[in-house]
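This report refers to the structure that appears directly beneath it.
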Amino acid sequence: MPDEGGADTPPSSHLRFLDPAGLRTSLLYNHAVLPPLFLEATCFVFGLVIGSFLNVVITRLPDGQSVVHPPSACPACGSTIRWHDNVPVFSWLWLRARCRSCQARISWRYPAVELLTAVLFLLAALRFGPALDLGAALLLLAALVAITAIDLDHQIIPDVITLPGIAVGTGLAVALHPAAWLDTLFGILIGGGLFLAIILASGGGMGGGDMKLGAMMGAFLGWKLVLLAILIGVLAGGAVAIGLLVTGAKGRKDPVPFGPFLALGGAVSLLWGTNLLAWYLGRFLG
């Protein structure tokens, strides 16, 4: 339905927001008066900047270091990285992946995290449009990127991300869509409860970090989409685990972090989950 300014109201972000009473999505700005793709380009650039900050989080958070002080420095020689050598992606390419001071190689992971975050933010802008729900989506995606990299490197999912994430996700869901509070509550209980049941049944075969990550995703996504996210994570994780076993890269008892696959499921559900569920329900239950 067009709003008073004549622009179409953007699609709702989660299934729980598709409420028969017609919960209205608040617009961030009048999209119609700005240049085409302005929001998308802004989110892409913003994603590059946030991705650069996430690199700091990924490097320092597991060691208990501050993410704001001291300034970024070369991990090899310790020299402070100047602002013009810290431009996302571009500086890495310009310096040919080497430190200006000591010529030590700079990992490809830094531009990869920046580009991944930028692309995810762009996809979120395309999916949600100029709605306040877009802000919640960006917060969740940034958290999922950081969790993925940290879990791959250290096999931990930091509580300092997931526990505040549960609170922030719940607060945003209730503030933006107060009538959907029950869906948020069920999302937390189901997202965390499934992993708690696995932990209890297996005697610790899965970490508590996965449980808290599931609860955080449930707070943002609601119960339907968090179930889809978990299913996608299990399928993706199983496929990769089989591939690693077949190729001999991992043994049967070697641990494989599940957080990255759960984060993948969360991102897919956030961006395309509503359409996937609508397609499935229409095809097999319609």
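Tabulated results
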quantity	calculated
Test: residue in region 220-241 that is surrounded by fewer than 17 Cβ atoms within 10 Å (Cβ to Cβ) and on the phi > 0 side of the Ramachandran plot	no
Filter pass, L196 being of a type outside the set (V, I, T), part of a helix (DSSP H, G or I), more than 15 Å from the chain's Cα centre (by Cα) and modelled with pLDDT of 95 or more	no
Matching helices (runs of 4 or more DSSP H) fully within region 63-180 where at least 3 residues are crowded, with 20+ Cβ neighbours inside 10 Å	109-128, 132-154, 159-176
Residues of region 60-88 satisfying the condition of being more than 18 Å from V49 (Cα to Cα), touching a Pro at 6+ places or on another chain (Cβ under 9 Å) and either free of Cβ contacts under 8 Å to residues at least 24 places away in the same chain or among the acidic types (D, E) (or both)	T80
Matching residues, region 242-286, being among the aliphatic types (A, V, I, L, M) and either at positive phi or outside any helix (DSSP H, G or I) (or both)	A249, V256, L285
Identity of the residue in region 126-178, of a type in the set (S, T, Y) and touching a Gly at 6+ places or on another chain (Cβ under 8 Å), that ends up nearest to S107 (Cα to Cα)	T148
Criterion (surrounded by fewer than 22 Cβ atoms within 10 Å (Cβ to Cβ) and acidic (D, E)) met by exactly one of D210, D254	D254
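The values are calculated or read from the model by the stated rules, or taken from the named source; none is laboratory data. Just so you know, these numbers come straight off a predicted model, no measurement behind them. Methodologically, a virtual Cβ is constructed for each residue, glycine included, from the backbone with ideal geometry; neighbour enumeration extends over all protein chains shown.
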